[in-house]
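Engineer: Supplied in structure tokens, the structure appears directly below.
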């Protein structure tokens, strides 16, 4: 399935040191689970977290959910052991933190291969520093194993000395650079977290902005945020209906040898047809009815 068609509306971080949370994750309505060995785990619990995450993945039961393991950086005492363990873990992918260069991606790729990872084990990168953003283009093309980018906006804001404003204007340039790099190289890309668990309106606005910018989904820090992300990043009913009309009208026009077709009074071109197919494929992959209140823009 193309990376842009696989549902990644919601990506929930789960602390690897919390065995109860890892078990609970199997019943949550998340498209992606990020089992975390890094920020969510205290230094004296790193080895325990690694063992628990490996055991959870081996036990299975995650259903349709895509399971990524976020390892510690290779410049830490735990990074190499994490990568060695994840290489043959059976997880759907490995996420490496604070990537700032193409060489960091290639180094992780080499270590995974040396530890027996198959060539189709996806590698994901956290984009969360100023240098990483400036090198987004090179990072995105660093390895055939690379599958996606995850924005770490909390670390980025700290490094930029920026404020977490509602519109995230201090970070728009960085978000745009990563989006351009990801789309240019066919990668999935996930937006950063919304930190205020009591700010439902702010979460909704952040999800809306993520959809408008072009992200595939949003990373989350609590299960209570799942519903908002799942609704926002799913194709809404009106857009999905229009997409199906575009596909049908274009097919009919091609069968009749017509080069031009109008849908709802608007000219339909190949780019609209491609986006229509993407939306329908995404809705089918989600396997649930489209939401009426989502914020997917029309093709």
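The values are calculated or read from the model by the stated rules, or taken from the named source; none is laboratory data. Owing to the predicted nature of the structure, the values given are computational and were not obtained by experimental measurement. A quick note on method: Cβ atoms are made from the backbone with ideal geometry, for glycine too, and the neighbour counts reach across all protein chains shown.
Engineer: Of the residues 243, 228, 251, which single one is assigned by TED's automatic domain parsing to the domain that holds residue 122 and either assigned to a helix (DSSP H, G or I) or under 22 Å from residue 150 (Cα atoms) (or both)?
Structural biologist: Just a single option satisfies the conditions, and that option is 228.
Engineer: Next up: Regarding segment 33-43, can at least one residue be identified that is modelled with pLDDT of 95 or more, assigned to a helix (DSSP H, G or I), within 24 Å of residue 230 (Cβ to Cβ) and in the same structural domain as residue 136 (by TED's automatic domain parsing)?
Structural biologist: For segment 33-43, residues modelled with pLDDT of 95 or more, assigned to a helix (DSSP H, G or I), within 24 Å of residue 230 (Cβ to Cβ) and in the same structural domain as residue 136 (by TED's automatic domain parsing): absent.
Engineer: Determine whether segment 63-75 contains at least one residue that is over 23 Å from residue 192 (Cα atoms), part of a helix (DSSP H, G or I) and either out of contact with any strand residue (DSSP E or B) (no Cβ under 9 Å at 6 or more places or on another chain) or assigned by TED's automatic domain parsing to the domain that holds residue 174 (or both).
Structural biologist: The answer is no, given that none of the residues of segment 63-75 is over 23 Å from residue 192 (Cα atoms), part of a helix (DSSP H, G or I) and either out of contact with any strand residue (DSSP E or B) (no Cβ under 9 Å at 6 or more places or on another chain) or assigned by TED's automatic domain parsing to the domain that holds residue 174 (or both).
Engineer: Any residue in segment 195-202 that is in the same structural domain as residue 226 (by TED's automatic domain parsing), in contact with a helix residue (DSSP H, G or I) (Cβ under 9 Å, 6 or more places away or on another chain), in contact (Cβ under 8 Å) with a residue 40 or more places away in the chain and buried (at least 18 other Cβ atoms within 10 Å of the Cβ)?
Structural biologist: No, the conditions are met nowhere in segment 195-202.
Engineer: When residue 64 is evaluated against the numbered criteria (1) surrounded by fewer than 21 Cβ atoms within 10 Å (Cβ to Cβ); (2) at pLDDT 95 or above; (3) over 19 Å from residue 152 (Cα atoms), which criterion, by number, is the only one it fails?
Structural biologist: Condition not satisfied by residue 64: (2).
Engineer: Next question. Given (1) crowded, with 24+ Cβ neighbours inside 10 Å; (2) touching a strand residue (DSSP E or B) at 6+ places or on another chain (Cβ under 6 Å); (3) assigned to a helix (DSSP H, G or I), where does residue 219 come up short, assuming only one miss?
Structural biologist: (3)
Engineer: Could I ask something else about it? Quick check on segment 168-178. Is at least one of its residues closer than 24 Å to residue 80 by Cα and touching a residue at least 24 places away in the same chain (Cβ under 8 Å)?
Structural biologist: No: zero hits.
Engineer: Run down 79, 16 and say which single residue is free of Cβ contacts under 8 Å to residues at least 24 places away in the same chain and buried (at least 19 other Cβ atoms within 10 Å of the Cβ).
Structural biologist: None of the other options fit; the residue is 79.
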